[in-house]
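One structure below.
The values are calculated or read from the model by the stated rules, or taken from the named source; none is laboratory data. Just so it is clear, the structure is predicted and the values come from calculations on it, not from any experiment. Methodologically, a virtual Cβ is constructed for each residue, glycine included, from the backbone with ideal geometry; neighbour enumeration extends over all protein chains shown. Areas reflect the complete protein model, heavy atoms only, side chains present, ligands, DNA and RNA absent. Shrake-Rupley method; radii C 1.70, N 1.55, O 1.52, S 1.80 Å.
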Amino acid sequence: MTSAPDQPPAACVLGTLPGPGFEGRRIGIVDLDREGREIGRIDLAEDALPDHVRDRETGAGGGQNGSRPRWIFSDTPKWYPPLLAAGVSIERCHDLRLTHAILARSELVTAPEALRAASDWDAAPADAAAPEQAAALFDVDAGRGFIPQVPHDLEAALAEYARQTTAIETASDPGRLRLLLAAESAGGLVAAEMRAAGVPWDEVEHDRILSDLLGPRPIRDGKPAKMLAKAEEVRAALDDPRVNLDSPNRLLAALRNAGINVASTSKWELRTSEHPAIEPLLEYKKMARLLSANGWHWLDEWVDEGRYRPVYVPGGVVTGRWAASGGGALQIPRQLRPALRADEEWRLVSADVAQLEPRALAAMSGDRAMAEAGFGRDLYSGLVDAGVVATRQEAKIAVLGAMYGSTTGEAGALVPRLRQNFPAAMHLVDSAAEAGRQGGVVSTWLGRTSPPPSEGWQRLQRAANRFDATGADEQRARRAAGDHGRFTRNFVVQGTAAEWALAWLADLRLRLERLPEIDGAPESRVAAHPAAASGPVFSRRAHLVFFLHDEVIVHAPAEQADQAAEAIRAAAASAGRLLFGDAPVDFPLDLSIGERAIKD
DNA sequence: TGACTCAGCGCG
DNA sequence: AAAGCGCGCTGAGTCA
């Protein structure tokens, strides 16, 4: 039974069917119309899924006339990588796991009970890096520290989708929530696509940077020569020829013996001392950091055939930001930026948003003065021009202090000026902080809601309210309340900024997909799944390769680079309108096109 | 030996 | 100078 040709399905629910079949696993697909009614149901062998999806996306199943379906599946890392490995990409999806996580907690949902009861959907993301390990964990370690996975079978998916549909329809603002869920799910697709494509990485350049700074790669696992020499320099200056510089305890003792009066070995504290050992020590620490975090070992492990493939975890941070698991995608040091390098005859188009978070705050709070300070220019300089603060540096400290809840030091002194000049924006974050201090929850612009404080937090507050509470009890409770207030203060800003970035990414992805393939351009490898029976997949079109909170990098054929840049700009403008309508807030980009992802 | 915490530092 | 939000990763150190 298939869908009627005159009405292509609006959505297709995907899931596994019970029992390992004789000829291998089978997949069920249920077609739904716009009202969510079932209009068709088929089943097919797992191997046949990519071709089937391709047909639906490109023609036979309704790909024409703008009627590609929304694919509904349990978990994007489970379903999408094999499709990408077979050269099949999809336009839209609804990720049941990501959606569940948002709906079960959102203040906008008026009837969350049924969703919350379906607790097998409260799962950590699948570890896309090591599905085999996760499976092994299940066998050996069931019940102890095991990360539960969501159900992948068709009936469970249909039931959960029905619960989610009800929750959305009865929400206090379904439109807002739908926007958030579409963006979140699109983010899931982007994460899988970027992992498949990988960041083009120049291993020779990376090795050159390491060799320049640390000395040539040592044979076996020893430390490189320049680092050893630097360590000797430090030990000589400390007059302690044996001390292990990598051990904070022993280093601290050695520093004290040399008459350097510090309480820790962190670099901001060390900088306060003038001792001749300090400068080489700080250099040594920098070298040690580079070697251990992004040295040759990292290169061997994470870069393969010229591609760096970090594991992104969409929705991995409570605020809605992405996290990363393995590969350190969130912390590629600036030192290594020159190693990001486009393929031959390709370009990297890099763009980041200047001051995304304060702009999101201005937009969501409707603070016209703040919006105006940043319109068409650097927001921090705008604050200086408006006479709010004296220098750009002060502006930055004040704005960060306002969003993070600083109360002391320079930031604490500057924040009141913002409160005076931007009352709407400051009222929004101050209210969020107050809600958090009281133990309440707060929500982003599109309705992602913060987690309530933990049981331990509640216990502290109760203890402080007892008749026999000590001063220490009260102090602990006050401190915990303040911590949570700063968390909720930042949550609304960071979370709304993350929503803008997701909308940007989702829109950009579709714009890039609509660009033509360039006949003359060499191919770029965009998928090579280890488990794929098929070979690598190639592209001749611009595609996303990196995303980090407020920054994207697109890999584009040289002659398409300008179009890719325009797509990035257009997507940013579109994201602003989608979230904030006609609010007078812009999101200006720093954008560059080059062989390398370096901005001047 | 593995599982844990902590200090320290990279990113936004 | 340090502080005030969110992360992940490494190596040292500790415990069993």
The one condition in (1) within 12 Å of DNA strand B (Cβ to nearest atom); (2) charged (D, E, K, R); (3) assigned to a loop (DSSP other than H, G, I, E, B); (4) touching a strand residue (DSSP E or B) at 6+ places or on another chain (Cβ under 7 Å) that A:ARG321 fails to fulfil
(4)
Selection over the stretch A:238-278 where residues are open to solvent by 70 Å² or more (accessible area, probe 1.4 Å), in a helix (DSSP H, G or I) and within 13 Å of DNA strand B (Cβ to nearest atom) yields a count of 6
Subset of the stretch A:573-590, residues crowded, with 18+ Cβ neighbours inside 10 Å and either under 30 Å from A:HIS206 (Cβ atoms) or touching a Ser or Thr at 6+ places or on another chain (Cβ under 7 Å) (or both), comes to A:LEU589
Single residue of A:ALA398, A:ALA435 found to be within 16 Å of DNA strand C (Cβ to nearest atom), of a type in the set (A, V, I, L, M), open to solvent by 20 Å² or more (accessible area, probe 1.4 Å) and under 22 Å from A:ASP483 (Cβ atoms):
A:ALA435
(1) part of a helix (DSSP H, G or I); (2) open to solvent by less than 40 Å² (accessible area, probe 1.4 Å): which one isn't true of A:GLY315, the others all being true?
(1)
Here are some conditions: (1) without any contact (Cβ under 8 Å) to a residue 60 or more places away in the chain; (2) in contact with a helix residue (DSSP H, G or I) (Cβ under 7 Å, 6 or more places away or on another chain); (3) open to solvent by less than 30 Å² (accessible area, probe 1.4 Å). A:VAL492 meets all but one. Which one does it not meet?
(1)
Matching helices (runs of 4 or more DSSP H) fully within the stretch A:143-218 where at least 1 residues are surrounded by fewer than 21 Cβ atoms within 10 Å (Cβ to Cβ), touching a strand residue (DSSP E or B) at 6+ places or on another chain (Cβ under 6 Å) and among the hydroxyl-bearing types (Ser, Thr, Tyr)
none
Can you confirm whether A:ALA521 is assigned to a strand (DSSP E or B), small (Gly, Ala, Ser) and closer than 27 Å to A:GLU305 by Cα?
no
By residue number, the members of the stretch A:559-578 that are touching a helix residue (DSSP H, G or I) at 6+ places or on another chain (Cβ under 8 Å) and closer than 13 Å to A:ALA351 by Cβ are A:ALA564, A:ALA567, A:ILE568, A:ALA570, A:ALA571, A:ALA572, A:ALA575
